[in-house]
Amino acid sequence: MAAGNPFEQLTGPCKVYIAPYGEPVPEINIMPAGNWVLLGSTDGDQKIKHGAKTTTFKDNDHQGPVKVIRHEEDIDVKFKVVDLSMENYAYIIHNVSKITSGLTSVVPVTYKRMPLKRGATLFEYAMLFRGPTASPYGIYPGMYVFPRCVNVSEPETTWGKNQRVALEVGMQILEDDAQTEDDQMGWLIVQA
């Protein structure tokens, strides 16, 4: 499998990490540390859509188009995350700082509480989409790096008799002026 043609191997689930916007990105062969939090593993297909709007130009000397420019560009990432803790659920819904802990009064047990209202403010994160075998050059790691993104989806929790609890997530990538022009919407890096 390692000697196969590029992108012919099965890559399996990814692990999704998030951190506050501006967190330094780890090397491809180093596990994320610092403020990076493992959001969970993906289940099913993961989709990274490179959307765009183009304008076509024609002139009087040609019957067909002579130039096309891309005047809008989007990157949307959709995935289903499993292995959810209350804190990871909060990161997806709004922010982990909204979780409160306490102790019941009648029969003392500890609890964690999270409001479900998301509010108007979207929290910005950096996100890593890491796969242990995501390189097209062999059984090597690879990762998408998104230095600035927000959750624009309508997260939908899936509960089922024969499946793990999963939460569908959709992230919109924002341009990050702190990066070089080519990397402002992120980059893909794989071990070769």
- Message: For segment 67-99, give me each residue that is assigned to a strand (DSSP E or B), free of Cβ contacts under 8 Å to residues at least 60 places away in the same chain and within 25 Å of ASN151 (Cβ to Cβ).
- Response: GLU72
- Of all residues in segment 119-163 being among the acidic types (Asp, Glu) and assigned to a loop (DSSP other than H, G, I, E, B), which is nearest to THR180 (Cα to Cα)? GLU124
- Message: Please go through (1) open to solvent by less than 30 Å² (accessible area, probe 1.4 Å); (2) free of Cβ contacts under 8 Å to residues at least 60 places away in the same chain; (3) more than 20 Å from PRO20 (Cβ to Cβ) for LEU167 and return the number of the only condition it doesn't satisfy.
- Response: (2)
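Where residues in segment 1-41 are touching a Gly at 6+ places or on another chain (Cβ under 9 Å) and either surrounded by fewer than 16 Cβ atoms within 10 Å (Cβ to Cβ) or among the hydroxyl-bearing types (Ser, Thr, Tyr) (or both), which of them is modelled with the highest pLDDT?
PRO24
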- Item | Members of segment 67-98 found to be open to solvent by 60 Å² or more (accessible area, probe 1.4 Å), of a type in the set (A, V, I, L, M, F, W, C) and in contact with a Ser or Thr (Cβ under 7 Å, 6 or more places away or on another chain), listed by number | VAL68, ILE69
- Specify which of the listed residues (GLY102, GLY64) is open to solvent by less than 90 Å² (accessible area, probe 1.4 Å), over 15 Å from LEU116 (Cα atoms) and outside any strand (DSSP E or B). GLY64
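The values are calculated or read from the model by the stated rules, or taken from the named source; none is laboratory data. Here the structure is a predicted model, which is why all the values come from computation and not from measurement. Don't worry about glycine lacking a Cβ; one is built from the backbone with ideal geometry, like all the others, and counts go over all protein chains shown. Accessible surface areas use protein heavy atoms only, side chains included; no ligands, DNA or RNA. Shrake-Rupley method; radii C 1.70, N 1.55, O 1.52, S 1.80 Å.
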